[in-house]
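Nothing in this text is a laboratory measurement; each read-out follows from the coordinates by a stated rule. Remember, predicted model here, so these are calculated numbers, not experimental data. Ideal geometry is used to build each Cβ from the backbone, glycine not excepted, and the neighbour counts take in all protein chains shown.
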Amino acid sequence: MSETPAIDGEELKRAFSAATRCLERYRDSINALNVFPVPDGDTGTNMLLTMRSAEEEAQHKGDSSVGGLMEAMAHGALLGARGNSGVILSQFLRGMADGILGKERLTGEEVARSFTQASQAAYTAMSKPVEGTILTVMRELSLAAQASLAQGSDDPQSVWEAATQGARAALAMTPFQLPVLKEAGVVDAGGQGITLIMEAVACCLAGESADERQFEICSPADVEPVATPMVHEEYLAAAEAKEYGYCIQFLVRGDGLELLAIRERLGAMGNSLVAVGDSSLVRVHVHAGDPGPVLSYAVSVGTISQVRIDNIDEQREEFVAHHRRQREASKVAVVAVAQGEGFTRIFRELGCSVVVAGGQSMNPSTQELLDAARHSAGADVVLLPNNPNIILAASQAASLHGSSLHVIPSRTIPQGIAALLAFNEEQSLESNLAAMMETLDTVKTIEVTQAVRSSKLNDLEVAKGQHIALADGEMAAAGDSPCAALEAAVSQSGAASGAHVTLYWGADVTEGDARMAAERVTACAPGVEVELQYGGQPLYHYIVSVE
Amino acid sequence: MTIEIVTDSTADLPPELVKEWGIHVVPCTVAFDDQVYRDGVDISTDEFYQRLQTSPKIPTTAQPPVGEFLQLYETLCQAGAEVVSIHLSAKLSATLDSAQQAKVALSADSPIDIVDSWSTSMGLGLVVLEAARLAQAGATRQEIVQQMERCRERTQVFCLLDTLEYVRKGGRLGRAEAFLASALQIKPIITVERGETHPVARPRTRERSINELVGRVEALAPLQGVSVLHNTTPEDAEALAQRIAVSTGAKVLSSRFGSTLGTHVGPRALGVALTRAG
């Protein structure tokens, strides 16, 4: 008789650990998806902290059964739950734990059952469940797991994988269920969080390392992604009009706590109540105009701890002001062409509305540039081509788009970055264009790549497979390793003391190699400041700016 | 009729000047974890920066309690004086509210004028010093208030940040917030003008940033008043002051960022507060 495939506690624990590490990596990306004006808006951070708390409890308990593991995680999550998304996650884990109570190992059927209970627990926790949020994603993933079982696959890995697909599909649809997400051009942050956890665990169950994987933050299906979420003016106005008061969160410990009674009493005192837990520990989250009665009631039924009171009005004002500023700021938008996850992030962070993927071999078309300009929603658009081959398409786009598309003829990514740093949204368009043009000559760029054929140019002999360094587009040096070519080029560039060198490492280089290269550059150019950043670009091992 | 000048501790006025001009300074509050201090009274600037750099959480600063204003106003008015009370921008703090409430509590027609400087730190400080000068020269309360309203239009405070860490943790830099987001090394300059923070420039190195700052200050000359500011790098402030003195010919004061701005700009910050000649 063949044994039914099943996961044991150790394996599941490792998988959840990996999921927590993933949340850490993507925390900021998930935080950036938040469009709701509530204090506990840092969904990425909240879910990460909740998972960490769950993990800590699991480490202490050391039970090797899956039932024991989930019980510990659920308890830890409840203790450490942060924000709405954290509480819902803790409920999800609680539901999973209830579904596999006492089990040693987890079969496919048990995975599906635990997801069903988890999803139900999450829904029950909310006094007003909203579709298009993490709840929908949880429900859909549990349905996908059930469907997978019905189709005959019963090994836990396949069921988990099916559930993960279900989560992703539901996540992509959240903007169609919640209008504000569509307006902002993002998926639900909590939904993204749970999907990431599912993906990381699925990855581990399949025997791969989740730490090396690049997971994708979901782009809404058929919704154009916008770099800076723009929340609609009507939503902002409505957000301003609502009275929120204080966001009150705490834990209550006691004997024989009655969850339903607590929910009833607190529900009458405020809004957005979430009260979850059991007879000895209840976590409460509620919005009320006066924290007094809420806390007085709580101390009458038990002892309170982890009390946190936030002024929602202040946070809301800031949220509204922040988004209003973003809308105003869109009068002049900057669009840049760049390749590489790191560069894309850098350009966005420094103020680019849209980053178009492009580069030495994948040049965007004139149409793509025009589309990007339109998406940026700027009355005037400044375009940074960052490549001599793209400058032509850029000028064509400018002549087609009309007088509101301006091209700053940056020939390299570092030039583009320098120009963007010179951009100040409070200054006039003319002043910005002048300032950005001025910076172009202040940056020298060195690019290191591998020679695709042998050549001899300017007394420089290069064998195929060697590494070459280009300085501002001209062949400058060659070497047997990327590092050697880089060093030679930097020495030649005559970087004077006080110069600032930024070394961006590409997708073909490991961080360790990049650190070594940075050290070698520092050694060969004394007095020079070397900064190391991840560019993630293809083809070029290193792109270096010398300023 | 004596006119007393009142301000708050965010003015970052050097103690010698406070004494010389007889200015009354109401302390704001600084809280590290749950310990609350009166700025400049219970905690010195040195202590503040020590704790700022070692404390895991950043401190919070708040306006002086109404009672502090009330006590001072009462004392001054009972002694038969008139008061001009000048404070940091209403967009940056609720201090003006506190002062206003105290005046009303005393009596709506007490001889107290409360003025928004539209600035902070030595921007506020320069405006206050101007008021003190006018008071000593025999100006009336109304004249002083009118001059303050003109003065604040020509006053701003440039701040050069060496680290973005504190801005990230503390937030609340309004229009400059997005400007200061960067994983790339930048030593940005922002300015507080007309009550709010504004982005100025994002140089990559401290040296270049200092040069940029000097250039901007020089472009605004002639100057009626100017002060350099620092917190943990006095030598840089000294050098900066020299350069400005040489190129603008103005008398350059020197002061330290107090806790309110200090919490946001972080250590190794530099600043220049100035009032353009009218």
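Counting only residues 5 or more places away or on other chains, whose amide H sits under 5 Å from the amide H of residue B:110 once H atoms are built in the peptide plane?
Residues meeting the criterion, in which the H sits 1.01 Å from N, do not exist here.
What is chain A's relative contact order, in percent, from Cα pairs under 8 angstrom and six or more apart in sequence?
Values: 1164 pairs, mean separation 50.1, N = 547.
So the answer I get is 9 percent.
Determine the relative contact order of region B:183-274: mean sequence separation of Cα pairs under 8 Å and six or more apart, normalised by residue count, in whole percent. Kindly include the intermediate steps, with their values, before the conclusion.
Details: 126 pairs, mean separation 24.9, N = 92.
The value is 27 percent.
Toward the positive end of the charge dipole of the protein assembly as shown, about the Cα centre and with charges on Cβ (Lys, Arg +1; Asp, Glu -1), which of A:31, A:543, B:92 goes farthest?
B:92
For chain A, what is the mean residue ellipticity at 222 nm derived from helices alone (per DSSP H run of n ≥ 4: -39500 (n - 2.57); sum divided by total residues; nearest 500 deg cm²/dmol)? Intermediate results must be reported in sequence, preceding the final value.
Numbers: 20 runs with 283 residues, N = 547.
Using -39500 (n - 2.57) per qualifying helix, the result is -16500 deg cm²/dmol.
Strictly over 27 Å apart at the Cα level, which of A:444/B:169; A:61/A:103; A:444/B:187; A:331/A:444; B:57/B:187; B:91/B:169 would you flag in this model? The partial results should precede the final answer.
Numbers: A:444/B:169 34 Å; A:61/A:103 16 Å; A:444/B:187 20 Å; A:331/A:444 31 Å; B:57/B:187 23 Å; B:91/B:169 19 Å.
A:444/B:169; A:331/A:444, as the Cα separations exceed 27 Å there.
Using only alpha carbon pairs under 8 Å that are at least six residues apart, calculate the relative contact order of region A:105-214 and give it in whole percent. Walk me through the numbers before you get to the answer.
Numbers: 153 pairs, mean separation 31.5, N = 110.
Normalised by residue count, the contact order of region A:105-214 is 29 percent.
Would you mind ranking A:96, A:269 so that the residue whose beta carbon has the fewest other beta carbons within 10 Å leads the list?
Starting with the residue having the fewest Cβ neighbours, the order is A:269, A:96.
Can you tell me the mean projection area, over all orientations, of the convex hull of region A:490-530's alpha carbons? Units nm², please. Could the numbers behind the result be given before it?
Numbers: hull surface 11.0 nm².
The orientation-averaged projected area of the Cα hull of region A:490-530 comes to 2.8 nm².
Any number yet on Rg/Rh for chain B, C-alpha, Kirkwood?
Details: Rg = 18.1 Å, Rh = 18.8 Å.
Dividing the radius of gyration by the Kirkwood radius yields 0.96.
Express in nm, to one decimal, how much length is gained between residue A:169 and residue A:209 on full extension, taking 0.36 nm for each residue of separation and deducting their alpha carbon distance. Intermediate results must be reported in sequence, preceding the final value.
Working: separation 40, 0.36 × 40 = 14.40 nm, distance 2.32 nm.
Working it through step by step, the gained length comes to 12.1 nm.
Hey, in the GNM for chain B with a 10 angstrom Cα cutoff, which one of B:125, B:80, B:258 fluctuates hardest?
It is B:80.
Which distance in Å, rounded to a whole number, links the C-alpha centroids of region B:1-56 and region A:457-475?
That distance is 61 Å.
With unit charges on the beta carbon (Lys/Arg positive, Asp/Glu negative), name the residue among A:17, A:379, A:321 whose Cα is farthest towards the positive pole of the charge dipole of chain A.
Of A:17, A:379, A:321, it is A:321.
Which is farthest toward the positive dipole end of the protein assembly as shown among A:402, B:220, B:76, measuring Cα position about the Cα centre, with Cβ charges +1 (Lys, Arg) and -1 (Asp, Glu)?
So the residue furthest toward the plus end is B:220.
Any idea what the alpha-carbon Rg over 2.2 N^0.38 Å comes to for region B:157-210? Mind showing how you got there, number by number?
Numbers: Rg = 10.3 Å, N = 54, 2.2 N^0.38 = 10.0 Å.
In units of the globular-protein estimate, region B:157-210 measures up at 1.03.
Starting from the alpha-carbon convex hull of region B:126-278, give the projected area averaged over all orientations, in nm².
It is 9.0 nm².
With θ taken as phi - 60° and the coefficients 6.51, -1.76 and 1.60, list the Karplus ³J(HN,Hα) couplings across region B:49-54 in order, rounded to whole Hz; mark glycine and proline as x.
For region B:49-54, the Karplus-derived couplings read 5, 4, 5, 4, 7, 9 Hz, x marking Gly and Pro.
Counting only other residues whose beta carbon sits under 11 Å from that of residue B:5, what net charge do I get with K and R as +1, D and E as -1? Please list the in-between numbers first.
Working: positive: B:133, B:141; negative: B:4, B:82, B:113, B:130.
Cβ neighbours under 11 Å give a net charge of -2.
Which percent of the Cα-Cα distances in region B:28-180 go past 24 Å? Kindly include the intermediate steps, with their values, before the conclusion.
Numbers: 4938 of 11628 pairs.
The share of Cα pairs beyond 24 Å in region B:28-180 comes to 42 percent.
Take B:260, A:4 and order them by how many other Cβ atoms sit within 10 Å, fewest up front.
Listing B:260, A:4 from fewest to most nearby Cβ atoms yields A:4, B:260.
If you place +1 on the Cβ of every Lys and Arg, -1 on the Cβ of every Asp and Glu, and leave all else neutral, what size is the dipole of region B:23-147 about its Cα centre, to the nearest 20 Debye? It would help to have the intermediate numbers written out before the result.
Details: 7 positive and 15 negative charges, 37 e Å.
Result for region B:23-147 is approximately 180 debye, rounded to the nearest 20.
Please state, to two decimals, what the Cα-based radius of gyration of the protein assembly as shown comes to when divided by 2.2 N^0.38 Å (N = residues).
Details: Rg = 30.2 Å, N = 825, 2.2 N^0.38 = 28.2 Å.
With N residues counted in the protein assembly as shown, Rg over 2.2 N^0.38 Å equals 1.07.
For region A:420-547, what value does the Rg/Rh ratio take when both radii are computed over Cα atoms and Rh is the Kirkwood radius, given to two decimals?
Working: Rg = 15.9 Å, Rh = 15.4 Å.
Here the Rg-to-Rh quotient is 1.03.
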